[in-house]
Amino acid sequence: MTFDITPIVEAVVAVVCAVVTCVLIPYIKSKTTTEQQKEINAWVKIAVSAAEQIYTGSGRGEEKKAYVLEWLRSHGVTVDDEKLGAMIEAAVYELSQGIIPLEGVAVVEGGDTNDGD
């Protein structure tokens, strides 16, 4: 008497595929989105800080924003303008309050690249 385990194996494979599809893939996608969001926020903060250094003086907000948008686009940031505008305003506020942390970006302390030469 032989026992065919093919239906049992097929059922186990189907359950594993369902778990991967319903649990694992959405989990990975949500983590990627969170990491991407942190990186975009960091780039926005860098661009806003650069614009503040380049365009000094009051009344130059439009120039600063145009610079930030162009810089972000040239570095591959593709977020819709409404969200990007809100992120820029938040970064400007944080910069004006002196609390602009650069999360998601590796900052090298010291900045000396001379290596003793």
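The values are calculated or read from the model by the stated rules, or taken from the named source; none is laboratory data. Please read all numbers here as calculations on a predicted model, not as lab measurements. Virtual Cβ from ideal backbone geometry, glycine too; neighbours counted across all protein chains shown.
For segment 49-85, filtering for residues that are of a type in the set (Val, Ile, Thr) and either surrounded by 16 or more Cβ atoms within 10 Å (Cβ to Cβ) or within 16 Å of the chain's Cα centre (by Cα) (or both) leaves 4.
Considering (1) in a helix (DSSP H, G or I); (2) of a type in the set (S, T, N, Q); (3) modelled with pLDDT of 80 or more, the lone condition that THR33 does not fulfil carries the number (3).
Mind telling me which of the residues SER96, SER58 ends up being among the small types (Gly, Ala, Ser), assigned to a loop (DSSP other than H, G, I, E, B) and modelled with pLDDT under 85? Don't jump to the end; show me each part of the working.
Numbers: SER96 fails: assigned to a loop (DSSP other than H, G, I, E, B).
Exactly one residue qualifies, and that residue is SER58.
Per this entry, GLY104 is counted among residues that are surrounded by 14 or more Cβ atoms within 10 Å (Cβ to Cβ), modelled with pLDDT under 80, closer than 20 Å to THR33 by Cα and not hydroxyl-bearing (Ser, Thr, Tyr).
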